[in-house]
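Taken together, the values in this text are just the output of simple stated rules run on the coordinates, not laboratory data. The structure displayed is predicted, hence computed values, not measured ones. Glycine also receives a Cβ, built like all others from the backbone with ideal geometry; neighbour counts cover every protein chain displayed.
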Amino acid sequence: MQSFGKGPGALGGVVMRDPLIKKYMANSARGLMYSNGPSFPTIAAIKASISTLSSADGKQNEEISVAIIPIMSEQGQCHKLQQRLQEYRFRTHVVIYPAVSKEEKRVRLMLHADNKPDEIRGFVHVLMN
């Protein structure tokens, strides 16, 4: 399954499965039953984004930091880490199964353009102590 809503900046997604699974989803998944086919501008946006992401420029920018940072902790420590960060007023969310595999629980921190360098340093300080 691939979503075209975030990185590509378009709408919708695609499910690449065998015909039996596709038929089951088309007949059972409520969200798919009432969905429409993509419009021409949506298809053009998806094709352009795939082309850009596959290009040399896209590969070069692959390592650029993003605003959503998974913070991996020791097994079973995500909730404690989230509570500690929230004590210092950092907005975080624990991401658990089924959003991620059972072994990959994590804490998600949202950075934004209004974060000051001192706030980010403060976050790192809390995280490291």
*With runs of 4+ DSSP H residues as the only contributors, calculate the mean residue ellipticity of the chain at 222 nm using -39,500 (n - 2.57) per run, divided by the residue total and rounded to the nearest 500.*
-12500 deg cm²/dmol
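For a 30 Å ceiling on Cα separation, which of these pairs sit above it: Lys80/Lys116; Lys47/Lys102; Lys22/Lys102; Lys23/Lys47?
Numbers: Lys80/Lys116 25 Å; Lys47/Lys102 34 Å; Lys22/Lys102 26 Å; Lys23/Lys47 25 Å.
Going by Cα-Cα distance, Lys47/Lys102 fall outside the 30 Å limit.
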*Could you give the angle, 0 to 90 degrees to the nearest 10, between helix 40-54's Cα long axis and the longest principal axis of the Cα atoms of the chain?*
50 degrees
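What net charge do the residues around Tyr97 carry, taking every other residue with its C-beta under 14 Å from that of Tyr97, with Lys and Arg at +1 and Asp and Glu at -1?
Values: positive: Lys102, Lys105, Arg106; negative: Glu103, Glu104.
Computed value for this residue: +1.
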*Taking amide H positions as placed in the peptide plane 1.01 Å from N, state which residues far from Gly13 in sequence (5 or more) or on other chains have amide H under 5 Å from it.*
Phe4
*Relative to the first principal axis of the alpha-carbon coordinates of the chain, what is the inclination of helix 117-128, with its axis defined by its Cα atoms, in degrees from 0 to 90 and to the nearest 10?*
80 degrees
*asked:* Testing the spin-label approximation: label points 7 Å from Cα along Cα→Cβ at Asn27 and Gln77. State their distance in nm.
replied: 4.9 nm
*Average the reciprocal distances over every distinct pair of alpha-carbons in the chain, invert the result, and give the Kirkwood radius in Å.*
18.1 Å
*Peptide ranges 77-85, 39-47, 116-124 listed from the most packed, as the mean C-beta count within 10 angstrom indicates*: 77-85, 39-47, 116-124
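Length gain on complete extension for the stretch Ser49 to Leu20, per 0.36 nm per residue less the alpha carbon to alpha carbon distance? Provide the component values of the computation, followed by the final result.
Working: separation 29, 0.36 × 29 = 10.44 nm, distance 2.93 nm.
Result: 7.5 nm gained on full extension.
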*From the Cα gyration tensor of region 68-128, with a ≥ b ≥ c the square roots of its eigenvalues, which class applies: rounded if a/c is under 1.5, or else prolate if a/b is larger than b/c, or else oblate?*
prolate
*His93-Ala56 pseudo-label distance in nm [points 7 Å out on the Cα-to-Cβ vector]*: 3.9 nm
